[in-house]
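Worksheet: one structure, shown below.
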Amino acid sequence: MNRSVRGTIAGVVVMSVLLALYLALAGWRAVALLASGEALATVFGVALLVLPLIGAWGLVVELRFGLRSARLSRILAEEGGLPELPAQAQPSGRVDRQAADAEFPRYAAEAEAAPGDWRAWFRLGLAYDASGDRRRARRAVRQAIAIEHG
């Protein structure tokens with residue numbers, strides 16, 4: 001496992017633990033507000049119970065997405081199917097957007113030609129990510145996960 005992956009995993013673990021701690025403290029405070037018996041405190045208590053549930057749901061959704069996309073990436077890497085994204089990089093080490101944009105149509109055409117191939121969708125997601133379009137990257141990776149899972 002390379003250094004970048006270990007750093008990402010460590011970051012996810014730290015953020016998950018901090019969010020879980022926050023959710024537990026908010027839940028504890030919610031119970032205290034509900035126990036007070038006052039109308040306004042009860043309203044706040046209910047809100048404090050709902051918000052941590054939404055936060056926990058969001059955490060689970062994001063962790064599942066991360067685990068599933070990492071698994072697909074591992075499979076594709078083992079098969080030698082990860083895309084060769086442009087080697088040009090900015091001084092920060094990030095992929096040069098213009099170079100990534102030049103390669104993008106190839107991956108878009110591949111996904112369009114094989115809409116039922118999760119590998120094509122995953123590569124398209126990586127191409128979107130290299131081009132800086134995170135929203136579409138996540139959508140393409142979610143499509144790859146759905147195809148592979150289904």
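A few comments on the model shown:
- Within this structure, Ala109 fails the test of being at pLDDT below 85 and farther than 28 Å from Met15 by Cβ.
- If only residues of the range 1-48 that are closer than 25 Å to Ala70 by Cα and surrounded by 12 or more Cβ atoms within 10 Å (Cβ to Cβ) are counted, the one that is modelled with the lowest pLDDT is Thr8.
- Test result for Leu63, assigned to a helix (DSSP H, G or I), modelled with pLDDT under 90 and not assigned by TED's automatic domain parsing to the domain that holds Arg119: yes
- Matching residues in the range 56-70 - criterion: being surrounded by fewer than 11 Cβ atoms within 10 Å (Cβ to Cβ) and of a type outside the set (A, V, I, L, M): Trp57
- The residue list Arg74, Arg134, Arg94 contains one member that is exposed (fewer than 12 other Cβ atoms within 10 Å of the Cβ), modelled with pLDDT under 90 and within 17 Å of the chain's Cα centre (by Cα), which is Arg134.
The values are calculated or read from the model by the stated rules, or taken from the named source; none is laboratory data. Owing to the predicted nature of the structure, the values given are computational and were not obtained by experimental measurement. No Cβ is skipped: glycine too gets one built from the backbone with ideal geometry, and neighbour counts run over all protein chains shown.
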